[in-house]
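Here the structure is laid out as structure tokens; the discussion comes afterwards.
The values are calculated or read from the model by the stated rules, or taken from the named source; none is laboratory data. Computed from a predicted model, the values in this text were never measured in an experiment. Surface areas here come from the heavy atoms of the whole protein model, side chains and all, with no ligands, DNA or RNA. Shrake-Rupley method; radii C 1.70, N 1.55, O 1.52, S 1.80 Å.
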Amino acid sequence: MSVLKCWTGSMAMLLALTGGVHAEMTVSQSNDPTAALGVNLATLLGQEKAALGAVDGERLEEIVTPPKPKAKTRKGAISYDKDWLASLPAPKGGAEFECLATALYFEARGEGIKGQAAVAEVILNRVESKSFPRTICGVVNQGNANGCQFSYTCDGQPERISEKRAWTTARKVARAMMDGAPRQLTDGATYFHTPAVRPSWSKKFDRTAMIGSHIFYRAPVRTALN
């Protein structure tokens with residue numbers, strides 16, 4: 001039921017609030033129904049005035065003020081702020097979840113909620129690409145003779161979680177992204193780097209976004225003509 005109908009219903013119930021004032025209106029069956037209608041309207045307005053006088057001031061203001069329509073949120077939209085993060089349930093999961101959460105913590109915990117979601121998009125986009133391993137853990141731990149895709153996995157340093165709040169954020173973001181949150185930040189990116197470096201591949205790939213201190217890219221679409 002619309003808010004306007006609800007408000008109209010409240011106005012219709014106003015007379016009943018006084019507990020003893022009733023209004024009744026009939027239509028004349030004569031050739032001039034307006035005469036009887038005018039008399040009944042006058043009676044009705046008098047009764048309504050009496051009813052209004054019997055209602056508490058605050059209650060009266062509540063009844064006669066139309067309710068404000070609720071703000072509409074675009075379906076699937078995410079605010080990437082503290083309120084959104086707080087609305088998420090306590091995260092949990094298996095090995096794949098732990099791999100994603102750990103990657104977000106070590107690769108992007110300084111990037112905030114939005115930056116971590118963007119990195120999660122890259123990892124999940126890679127999982128769906130034929131050019132990368134088919135699992136999150138496979139993508140995160142991928143490496144070759146030239147090094148690792150994610151530096152923290154082979155930098156020789158122990159992976160210690162020392163920032164509890166950042167770890168909670170990374171886990172919540174990871175869980176939300178794995179559970180189907182829309183990937184709406186990086187436009188299908190499968191690569192990223194910081195402005196401090198400029199890898200050779202970045203000249204050949206399509207730049208899709210810059211979020212925080214990360215620049216995102218996707219491989220160019222190849223056709224039969226190129």
So, in the stretch 82-108, how many residues would count as being within 21 Å of the chain's Cα centre (by Cα) and open to solvent by 20 Å² or more (accessible area, probe 1.4 Å)? 11
Name the single residue that is nearest to Asp206 (Cα to Cα) among those in the stretch 110-136 being open to solvent by less than 30 Å² (accessible area, probe 1.4 Å) and of a type in the set (Val, Ile, Thr). Val122
